[in-house]
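S.K.: Sharing a structure with you now.
The values are calculated or read from the model by the stated rules, or taken from the named source; none is laboratory data. Note that this is a predicted model, so its numbers are computed, not measured. Cβ sites come from the backbone with ideal geometry, for glycine too, and all protein chains shown count toward neighbours. What goes into the accessible areas is simple: the full protein's heavy atoms, side chains included, and nothing from ligands, DNA or RNA. Shrake-Rupley method; radii C 1.70, N 1.55, O 1.52, S 1.80 Å.
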Amino acid sequence: MELLQFVFENLFDPFSLLLIFGGTVLGVIFGSIPGLNGALAIILLLPFTFMLEAELGIVLLVSIYVGGISGGFISAALIGIPGAPAAIATTIEAWPLTQKGGAVKALGVGTIATFIGTFFSCIIAMFLSPIIATYAVKLGPWEFFGLCLTAVSLVISLSKADVLKGIASACIGFIIGSIGFAPIDGARRFTFGISQLNTGLALGSTMMGFFVLSSVLIDYGKGNMTLPSVAKQSIKGWGFTLREFKDNVWNIIRSFFIGLGIGFLPGMGSGISAFVSYAKAKDSSKHPEEFGNGAIEGIFATETANNSTIGGAVVPMIALGIPGDTTTAILLGALTIQGLEPGPLLMVNDPGFVYVLFGGLILASIVTLGIQYFGMRLFPKILSIKFMFLFPVIMVFGFNGAFAQGNSIFNVYMVVVCGAIGFLLSVGRFPITPLILAYILAPLLETYLRRGISYTEQGALTFFTRPISLALIIIATFSIIRGLLKKT
Amino acid sequence: MTKDRISGAIILLIGIIWMVLTTQVKGNAFSTVIGPELFPNLASGGLILCGIGLLLRKQKGESKPFLSRDGWKRVGKLSLTLVVYPFMLEYLGFIVASFYLLFVTVTLFDLKRTLSLRRRLIFPVLITAPAYIFFQYVLDLPLPVGEIIRPLIR
């Protein structure tokens, strides 16, 4: 009873509600502007949380986390530029739907999927985190390697482009991802004497360069300077019909559990779950030929999965002290700064804090629902701004957002380099998405590969003797071979 | 030679170069049984195989050119603008560099020449000032002052 009172007092205090609302709005804004992201917003507000009590501080930060993931979807849908890695998969369907005049529908589907994913995953995680943590920790680097490899192979096989070129793009992404200090031993690689490359290429530089700059170069070169128009008739409800929602119920449930399951695994992020659920949705669809052309099944799958990963990712963060991605790593840092020790004892020593955290996530998901519902009719107005005004502004924010990550002008130079590489790859009709995912997952893949080989006497054979690892490697191999054979 | 063959040759070359660069990567006392050279070697090897695959596979008929001649000219102008921007940002600071980028890009993007010079000059002012305030004061993110400008304002 005392615990419940403590949780309610901390969550429903007017100041706390204001923090949740403000944090969510800030997260959505940061997530939706290319070059900025939710993690940056959390870093900026982190010093401010020192002045607050631990419960209020973490509630603010997790609200930004939820808003940031959702915000990334808005720019993905409206201008075809994912605001966060989690939204890369969503761009594949949301942007073509917007180009066909369905911007509001894309936003509506994404909004509902976002809410379902975040809200229910946090509720499940809140009650099951001790049990789930016990099982998650039994998996090892072999299984995690298999999962990351499967995500990359699915992206390659799903791309409409040439699978062989998709593999080449992924290899380029792995190469870019291996620049800097190597994981495990910190050996310096491919820095060419440039100290700024010790930490590799900044994520902001690569996202901005590959997604924004290269597409602006292509659009300008082709003279495609018209933004999609938005359907003029008044939009009722969520922009899609009840029938369309009912047709996707199983898709949503399946994607939810894919995202939740992947989120529970330490070190996995939203980007992986979105692609895995997208691939599954396409495989199970009665109309797989519609994928890539604005299929709402795809949007339901990716947004439900990447948001259900939020609830899942908080479990290893709280129960094991292992972050799921950059943002949860920063949240872990915030907990430590407040004097809390994430790990199995946190639930025992400070259960009130843990429930306040989950409560903050749940309330933030409700606030996000409200913001996006009212925003659905406002956000598409951005498409009425002419290309010649909109994209210069996006470029200024994007370039300086990249600068802001590390306060480094070098990041801005790298934006131009990545933009050039992205443009040249597009000329050769190489897909960009496998490159980006491979770049993001490269450190994880290498870490798990090297650990997996060195942990047992069997070495690399262990990847094939553990059932889950073997199954994942078979899925990854099969999806690539199937893609290659389809084209011949 | 088809475009695919050219692409294949290029990525084959990149793969070989990167594999050669990887020979200079050395492990240290903290390295595991498998060192830091494994992963880049696997990636380079994959690139080499893809390059060979693109060179050897049956070539499809050439599709239409990626860009027209005018399109390549436009890309050239925009590329030059974008390459200059980081240098301006580093040496002249955010305000001057962003004004330049906004002015030049809105001029380039105005293909039908609908905007007067006055409007093309007002637009950068309307964006640069709020953007500066947003980054510098709202987000408390310092922006580049410019190596040439910095001594002048001290």
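S.K.: Being among the hydrophobic types (A, V, I, L, M, F, W, C) and open to solvent by 10 Å² or more (accessible area, probe 1.4 Å) narrows it down to one of A:PHE399, A:PHE353, A:PHE403, so name that one.
M.R.: Working: A:PHE399 fails: open to solvent by 10 Å² or more (accessible area, probe 1.4 Å); A:PHE353 fails: open to solvent by 10 Å² or more (accessible area, probe 1.4 Å).
Testing whether each residue is among the hydrophobic types (A, V, I, L, M, F, W, C) and open to solvent by 10 Å² or more (accessible area, probe 1.4 Å) leaves just A:PHE403.
S.K.: So how many residues does region A:38-61 have that are within 13 Å of A:ASN10 (Cβ to Cβ) and either in a helix (DSSP H, G or I) or acidic (Asp, Glu) (or both)?
M.R.: Final tally of qualifying residues: 8.
S.K.: Only residues that are at the interface with another protein chain (Cβ under 9 Å from one of its Cβ atoms) and either surrounded by fewer than 23 Cβ atoms within 10 Å (Cβ to Cβ) or more than 26 Å from the chain's Cα centre (by Cα) (or both): list them for region A:426-444, please.
M.R.: Within region A:426-444, A:SER426, A:VAL427, A:GLY428, A:ARG429 meet the criteria.
S.K.: Any idea which of A:PHE30, A:PHE50 is open to solvent by less than 10 Å² (accessible area, probe 1.4 Å) and more than 18 Å from A:GLY298 (Cα to Cα)? Talk me through it step by step, then tell me what you get.
M.R.: Details: A:PHE50 fails: open to solvent by less than 10 Å² (accessible area, probe 1.4 Å).
Going through A:PHE30, A:PHE50 in turn, the sole match is A:PHE30.
S.K.: To continue, here is another question. Conditions first: (1) touching a strand residue (DSSP E or B) at 6+ places or on another chain (Cβ under 8 Å); (2) in a helix (DSSP H, G or I). B:GLY15 passes all but one, so which condition is the exception?
M.R.: Only one criterion in (1) touching a strand residue (DSSP E or B) at 6+ places or on another chain (Cβ under 8 Å); (2) in a helix (DSSP H, G or I) is unmet by B:GLY15, namely (1).
S.K.: From (1) at the interface with chain A (Cβ under 7 Å from one of its Cβ atoms); (2) of a type outside the set (A, V, I, L, M); (3) under 30 Å from B:PHE103 (Cβ atoms); (4) loosely packed, with under 14 Cβ neighbours inside 10 Å, pick out the condition that doesn't hold for B:PRO86.
M.R.: Result: B:PRO86 passes all but (4).
S.K.: I need the full set of residues from region B:92-118 which are open to solvent by less than 10 Å² (accessible area, probe 1.4 Å) and not in a helix (DSSP H, G or I), in order please.
M.R.: B:ASP110
S.K.: Using the structure shown, decide if A:ILE167 is open to solvent by 30 Å² or more (accessible area, probe 1.4 Å), of a type in the set (A, V, I, L, M) and in contact with a helix residue (DSSP H, G or I) (Cβ under 7 Å, 6 or more places away or on another chain).
M.R.: yes
S.K.: Going by the structure shown, is B:ILE148 more than 7 Å from every other protein chain (Cβ to nearest Cβ), in contact with a helix residue (DSSP H, G or I) (Cβ under 9 Å, 6 or more places away or on another chain) and assigned to a loop (DSSP other than H, G, I, E, B)?
M.R.: Yes; evaluated as a whole, the condition is true for this residue.
S.K.: For residues that are in contact with a Leu (Cβ under 8 Å, 6 or more places away or on another chain) and not in a helix (DSSP H, G or I), tally how many sit in region A:151-182.
M.R.: Residues flagged as in contact with a Leu (Cβ under 8 Å, 6 or more places away or on another chain) and not in a helix (DSSP H, G or I) within region A:151-182 amount to 2.
S.K.: Tell me, yes or no, whether region A:466-485 has at least one residue that is open to solvent by less than 60 Å² (accessible area, probe 1.4 Å), more than 8 Å from chain B (Cβ to nearest Cβ) and not in a helix (DSSP H, G or I).
M.R.: No, the conditions are met nowhere in region A:466-485.
S.K.: Just to be sure, is A:GLY360 crowded, with 18+ Cβ neighbours inside 10 Å and facing another protein chain (nearest Cβ under 8 Å)?
M.R.: When the stated conditions are applied, A:GLY360 does not pass them.
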